[in-house]
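Everything on this sheet refers to the single structure shown next.
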């Protein structure tokens, strides 16, 4: 199967948006894993005075956990899929959250005002055509010493975890997506994870993009070895702040 990219992938997310929350809710540990990755940013004082960016916000699940971790921060949530954003906007949000229909490249090209203190990117980098260009853009959006948390399907490199992922996709994920009429998107999910960087390779990619203090942390439950949190700093200055 050829992976979905750019317009085709965005269109697939648009079509899948009505059923997306139901399917992710059926995934044991999906929301708990997102919540843990957001907490690992270790944002001080409940985010008071901070500007946060949620890249690839989808229907708002990642935005919600970011708010739980930093309820006093100003959060900008962006996504390239209009269908996913409509689902997000239909939910109640406080005044310190805003949604924008943009790709990360468009956001970086048109950025104005102060840089962001932290960026949270869940299930994004695996789906972009050029992750190196996107990481360069993300780094440019961060203030000196700004923090990045990437929550992503990135296999450990063990054949066991690769086999586990394929088994789960064949028996659960793709059949569930087929029932909702979104088989192509969930086959893309399966194949895109197999094609994407292993966790060590993605950590190395972050370092090559100029990020510093890169760390890789596991996600609990059945997703151990399949999903990881990647933590890093913008690399514009030296120094370390613990994000564990």
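The values are calculated or read from the model by the stated rules, or taken from the named source; none is laboratory data. As the structure is a computational prediction, the values presented were derived from the model and not from experiment. So basically every Cβ, Gly included, is an ideal-geometry build from the backbone, and we count neighbours across all protein chains shown.
So the values come out like this:
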{"item": "Helices (runs of 4 or more DSSP H) (entirely within the stretch 6-121) containing at least 1 residues that are modelled with pLDDT of 95 or more, within 26 Å of residue 192 (Cβ to Cβ) and in contact with a strand residue (DSSP E or B) (Cβ under 6 Å, 6 or more places away or on another chain)", "result": "30-39, 61-69, 82-89"}
{"item": "Test result for residue 122, within 11 Å of the chain's Cα centre (by Cα) and under 18 Å from residue 10 (Cβ atoms)", "result": "yes"}
{"item": "Check on residue 42, surrounded by fewer than 21 Cβ atoms within 10 Å (Cβ to Cβ) and touching a helix residue (DSSP H, G or I) at 6+ places or on another chain (Cβ under 8 Å)", "result": "no"}
{"item": "Residues being touching a residue at least 60 places away in the same chain (Cβ under 8 Å), outside any helix (DSSP H, G or I) and crowded, with 18+ Cβ neighbours inside 10 Å - total across the stretch 198-234", "result": "13"}
{"item": "Wholly within the stretch 140-195, helices (runs of 4 or more DSSP H) carrying at least 1 residues that are within 19 Å of the chain's Cα centre (by Cα)", "result": "159-168, 183-195"}
{"item": "Only one of 11, 19, 73 that is in contact with a helix residue (DSSP H, G or I) (Cβ under 6 Å, 6 or more places away or on another chain) and surrounded by 14 or more Cβ atoms within 10 Å (Cβ to Cβ)", "result": "73"}
